[in-house]
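*Asks:* Take this structure first; my questions come after.
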Amino acid sequence: MLKLNKETQQALIQTAQTNNLWLEGALTKYVEGDGEDFASYLEESIRRDEKKREKRLQITKDIQNKNKELVEAHEQREVLMQELQQALDAAETARKEAINDLDLFQKRTQFELIGSIVRSALWVIIGVGLITTLLYILILYSEKDTTLIENTWSNMFGILLTNSFSIIGTIMGVKYATSDENK
């Protein structure tokens, strides 16, 4: 035990009254003094010290709880960010697939359209060629003047041949213009 003299005891009591400063900590349990004034001073110091310790302990617990909540909130935010990134990646993948599907559909539709145009053009060319040839053959067997029909037949085949190349050139131009390599 720590025994304090009368002057030190009076100085501590005076400091407590004027400046509101009291002994704190484990020291208060080891101090002894003479008289009722100093005994009541020590009791008050111990009581105040316990209250301050309780407040500090409560503040520490509050801070620990807040830190725990912050850590949990941070972990939840990280999980949400990962889920959001996964959803964003899935959406981007779906967008790319949709663009690829649309492009494939457009190309297939264009290919089918070009096929239809070529088939129709070939039937027209073959039909006109056959009809003109049959007319020429009929005129030849009828033994009439074939000068006019010969020129017509020759011109017709020239026009059909020119139109055939024109159709093929147009189709190739469309294919070239819509190919991905040249975009």
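*Asks:* Return the total of residues in the range 138-157 being part of a helix (DSSP H, G or I) and either surrounded by 12 or more Cβ atoms within 10 Å (Cβ to Cβ) or at pLDDT below 80 (or both). Full working, then the answer.
*Replies:* Within the range 138-157, the first condition is being part of a helix (DSSP H, G or I), and the residues that meet it are 138-141, 147-157.
Now narrow it down to the ones that are either surrounded by 12 or more Cβ atoms within 10 Å (Cβ to Cβ) or at pLDDT below 80 (or both): 139-140, 147-150, 152-154, 156-157.
Residues that pass the stated criteria total 11.
*Asks:* What do you reckon, is residue 64 of a type in the set (S, T, N, Q), part of a helix (DSSP H, G or I), farther than 27 Å from residue 167 by Cα and under 37 Å from the mean Cα position of the chain (by Cα)?
*Replies:* Values: of a type in the set (S, T, N, Q): yes; part of a helix (DSSP H, G or I): yes; farther than 27 Å from residue 167 by Cα: yes; under 37 Å from the mean Cα position of the chain (by Cα): yes.
Criteria met by residue 64.
*Asks:* Which one is surrounded by the fewest Cβ atoms within 10 Å (Cβ to Cβ), of the residues in the range 1-34 that are part of a helix (DSSP H, G or I) and within 60 Å of the chain's Cα centre (by Cα)? Even if it seems obvious, please write down each step before you answer.
*Replies:* Residues of the range 1-34 part of a helix (DSSP H, G or I): 6-19, 25-29.
Within this subset, residues satisfying the condition of being within 60 Å of the chain's Cα centre (by Cα) are 25-26.
Details: 25: 11, 26: 7.
Among those that are part of a helix (DSSP H, G or I) and within 60 Å of the chain's Cα centre (by Cα), it is 26.
*Asks:* Given the residues 121, 73, which is the only one that is surrounded by 10 or more Cβ atoms within 10 Å (Cβ to Cβ), within 28 Å of the chain's Cα centre (by Cα) and among the small types (Gly, Ala, Ser)? Quick ask: steps written out before the conclusion?
*Replies:* On the way: 121 fails: within 28 Å of the chain's Cα centre (by Cα).
Exactly one residue qualifies, and that residue is 73.
*Asks:* Looking for whichever is at pLDDT 85 or above, surrounded by 10 or more Cβ atoms within 10 Å (Cβ to Cβ) and either assigned to a loop (DSSP other than H, G, I, E, B) or in contact with a helix residue (DSSP H, G or I) (Cβ under 7 Å, 6 or more places away or on another chain) (or both) here; the options are 37, 49, 103. Which one fits?
*Replies:* Working: 37 fails: at pLDDT 85 or above; 103 fails: either assigned to a loop (DSSP other than H, G, I, E, B) or in contact with a helix residue (DSSP H, G or I) (Cβ under 7 Å, 6 or more places away or on another chain) (or both).
After ruling out the rest, the residue left standing is 49.
*Asks:* Here's a follow-up. Let me confirm something: among 97, 112, 92, 36, which residue is over 30 Å from residue 177 (Cβ atoms) and of a type in the set (Asp, Glu)? If you could, list the steps in order and put the result at the bottom.
*Replies:* Values: 97 fails: over 30 Å from residue 177 (Cβ atoms); 112 fails: over 30 Å from residue 177 (Cβ atoms); 92 fails: over 30 Å from residue 177 (Cβ atoms).
From the options 97, 112, 92, 36, the qualifying one is 36.
The values are calculated or read from the model by the stated rules, or taken from the named source; none is laboratory data. In this text, all values refer to a predicted model and were calculated from it rather than measured experimentally. Backbone-built Cβ (ideal geometry, glycine too); neighbour counts: all protein chains shown.
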